[in-house]
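A.B. asks: Below are the structure tokens for one structure; questions will follow.
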Amino acid sequence: MLNKKIAIIGAGKMGKALIRGLVCPKNIMVSDKDKSKLKSFAGKKIKTTTCNIKAVEWGEVIILSVKPKDMDDVLKGIVSARFAGPASALKRKLFISIAAGIKTSFIEKRLGHVPVIRVMPNTPALICEGMSAISPGRFAKSRDEHIAGAIFGSVGSVMKFPERDMDAVTALSGSGPAYFFFLMEALTLAGKRMGISNKDSLALTLQTALGAALLAKKTGIPPFKLREMVTSKGGTTEAALKILGSSRVKEAIIKAVIKAKKRSVELCKN
Ligand SMILES: NC(=O)c1ccc[n+]([C@@H]2O[C@H](COP(=O)([O-])OP(=O)(O)OC[C@H]3O[C@@H](n4cnc5c(N)ncnc54)[C@H](OP(=O)(O)O)[C@@H]3O)[C@@H](O)[C@H]2O)c1
């Protein structure tokens with residue numbers, strides 16, 4: 001078990017998801033400028049504060065879980081507070097950022113030569129089924145990667161990538177849950193249009209999505225082969241896939257994900 005004091009700045013959706021996965025509440029402090037966001041931690045042994053500096057002073061690992069637009073202010077706040085310990089105290093802390101588009105160099109430039117790891121998690125982390133990509137900055141050591149791996153491993157799977165791949169990762173697995181939810185919406189609507197109730201249509205869709213994902217994962221059979229296994233000549237699936245093919249749905253999905261990557265590049269802050 002990871003025996004580190006973890007301070008989380010930003011008690012939003014992702015911050016809360018991480019806290020849920022971390023097993024030792026007395027090793028967690030969460031900071032948010034909005035006091036009302038901290039209420040849900042009452043009585044859970046988790047320390048709370050509205051002062052980011054206090055959280056940074058206390059924590060050995062600092063998880064920056066604010067929106068990209070707020071990151072500059074948070075980092076400026078940490079630096080301008082003339083950190084209570086000696087300057088080297090900041091360097092002994094590990095900074096983990098989960099903000100989309102914020103490069104490790106952006107944080108290093110503001111905080112100095114501190115170890116930074118950039119992570120792109122996704123929302124299934126809320127139920128410990130997340131996919132997190134981790135990418136170390138210039139001053140991060142392998143023990144820092146190990147710590148980040150342990151933290152994000154507690155809410156799902158972890159893979160390491162060079163930072164140049166993080167925009168593609170953001171487009172694929174960071175935004176990815178939304179693509180699957182979109183497909184689920186469409187399937188549920190199709191069920192409804194064919195006369196099945198919304199509730200039953202959703203139940204059929206969800207179990208089919210779960211079963212398909214688990215079948216692909218557990219067997220290791222590539223998705224195209226699994227698709228072929230469902231598709232018999234002249235059958236119902238073939239009829240459906242013909243429509244998807246002629247509507248160029250696969251190309252549209254690829255185009256959409258590439259567009260998400262471009263947007264991530266545009267949002268990128270050095
Ligand atoms: N949600 C996702 O699917 C997802 C996936 C991967 C990565 N991420 C990344 O995760 C980060 C957090 O996302 P989220 O969805 O959890 O956002 P969120 O729900 O908006 O949470 C961010 C929290 O930080 C607070 N905050 C803002 N400025 C602050 C400051 N100066 N000091 C302390 N707290 C401050 C916000 O308060 P206010 O609301 O009052 O501003 C809010 O409570 C983002 O950078 C995002 O790119 C999100």
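A.B. asks: Inspect region 129-140 for any residue being surrounded by fewer than 18 Cβ atoms within 10 Å (Cβ to Cβ), under 24 Å from Val114 (Cα atoms) and of a type in the set (S, T, N, Q) and give the result as yes or no.
C.D. replies: The answer is no; no qualifying residue exists.
A.B. asks: Right, another one. Taking region 20-62 as the region of interest, how many residues are within 22 Å of the chain's Cα centre (by Cα) and among the aromatic types (Phe, Trp, Tyr)?
C.D. replies: So the count comes out to 1.
A.B. asks: Next question, about the same structure. Take the residues in region 156-179 that are in contact with a helix residue (DSSP H, G or I) (Cβ under 8 Å, 6 or more places away or on another chain) and away from the ligand (no atom under 13 Å from the Cβ); name whichever of them is farthest from Lys262 (Cα to Cα).
C.D. replies: Result: Val158.
A.B. asks: Closer than 22 Å to Gly130 by Cβ and not β-branched (Val, Ile, Thr): which single residue out of Lys218, Lys233, Lys192 fits that description? Break it down into steps so the answer makes sense when it comes.
C.D. replies: Values: Lys233 fails: closer than 22 Å to Gly130 by Cβ; Lys192 fails: closer than 22 Å to Gly130 by Cβ.
It is Lys218.
Here's the yes/no breakdown for (1) under 21 Å from Phe181 (Cβ atoms); (2) open to solvent by 80 Å² or more (accessible area, probe 1.4 Å):
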{"position": "Leu210", "(1), (2)": "yes, yes"}
{"position": "Lys242", "(1), (2)": "no, yes"}
{"position": "Ser247", "(1), (2)": "yes, no"}
{"position": "Glu251", "(1), (2)": "yes, yes"}
{"position": "Cys268", "(1), (2)": "no, no"}
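A.B. asks: Among what's in region 1-23 and is within 14 Å of Thr49 (Cα to Cα) and of a type outside the set (Gly, Ala, Ser), pick the residue that is surrounded by the fewest Cβ atoms within 10 Å (Cβ to Cβ).
C.D. replies: Filtering region 1-23 for residues that are within 14 Å of Thr49 (Cα to Cα) and of a type outside the set (Gly, Ala, Ser), the one surrounded by the fewest Cβ atoms within 10 Å (Cβ to Cβ) comes out as Ile6.
A.B. asks: List pairs: first in region 56-81 and under 13 Å from Lys33 (Cβ atoms) and outside the structural domain of Ser97 (by TED's automatic domain parsing), second in a helix (DSSP H, G or I) and of a type in the set (Lys, Arg), Cβ under 9 Å, 6+ apart or cross-chain?
C.D. replies: none
A.B. asks: Go through region 6-34 and count every residue that is more than 10 Å from the ligand (Cβ to nearest atom) and either under 26 Å from Ala100 (Cβ atoms) or assigned to a helix (DSSP H, G or I) (or both). Spell out the reasoning first.
C.D. replies: So the first thing to find is which residues in region 6-34 are more than 10 Å from the ligand (Cβ to nearest atom), and the list is 6-7, 19-29.
The next check asks that each one be either under 26 Å from Ala100 (Cβ atoms) or assigned to a helix (DSSP H, G or I) (or both); those that pass are 6-7, 19-22, 25-29.
Looking only at that region, the number is 11.
A.B. asks: Yes or no: region 39-54 includes at least one residue that is touching a residue at least 60 places away in the same chain (Cβ under 8 Å) and either part of a loop (DSSP other than H, G, I, E, B) or over 21 Å from Ala150 (Cβ atoms) (or both).
C.D. replies: Among the residues of region 39-54, not one is touching a residue at least 60 places away in the same chain (Cβ under 8 Å) and either part of a loop (DSSP other than H, G, I, E, B) or over 21 Å from Ala150 (Cβ atoms) (or both), which makes the answer no.
A.B. asks: Would you mind stating whether Ser40 is closer than 24 Å to Asn122 by Cα, surrounded by fewer than 18 Cβ atoms within 10 Å (Cβ to Cβ), among the hydroxyl-bearing types (Ser, Thr, Tyr) and within 12 Å of the ligand (Cβ to nearest atom)?
C.D. replies: Working: closer than 24 Å to Asn122 by Cα: yes; surrounded by fewer than 18 Cβ atoms within 10 Å (Cβ to Cβ): yes; among the hydroxyl-bearing types (Ser, Thr, Tyr): yes; within 12 Å of the ligand (Cβ to nearest atom): yes.
Judged against the criteria, Ser40 is a match.
A.B. asks: A further question on this structure: Residues to consider are Asn52, Asn3; find the one that is touching a helix residue (DSSP H, G or I) at 6+ places or on another chain (Cβ under 9 Å) and within 9 Å of the ligand (Cβ to nearest atom). Steps first, answer last, please.
C.D. replies: Numbers: Asn3 fails: within 9 Å of the ligand (Cβ to nearest atom).
After ruling out the rest, the residue left standing is Asn52.
A.B. asks: For region 187-200, which positions are surrounded by fewer than 12 Cβ atoms within 10 Å (Cβ to Cβ) and either within 24 Å of the chain's Cα centre (by Cα) or outside any helix (DSSP H, G or I) (or both)? Lay out the reasoning, then the answer.
C.D. replies: Our first condition is that a residue be surrounded by fewer than 12 Cβ atoms within 10 Å (Cβ to Cβ); within region 187-200, this holds for 193-195, 197-199.
Those that are surrounded by fewer than 12 Cβ atoms within 10 Å (Cβ to Cβ) and either within 24 Å of the chain's Cα centre (by Cα) or outside any helix (DSSP H, G or I) (or both): Met194, Gly195, Ser197.
The values are calculated or read from the model by the stated rules, or taken from the named source; none is laboratory data. Computed from a predicted model, the values in this text were never measured in an experiment. Backbone-built Cβ (ideal geometry, glycine too); neighbour counts: all protein chains shown. Just the protein is used for accessible areas: all its heavy atoms, side chains included, with ligands, DNA and RNA removed. Shrake-Rupley method; radii C 1.70, N 1.55, O 1.52, S 1.80 Å.
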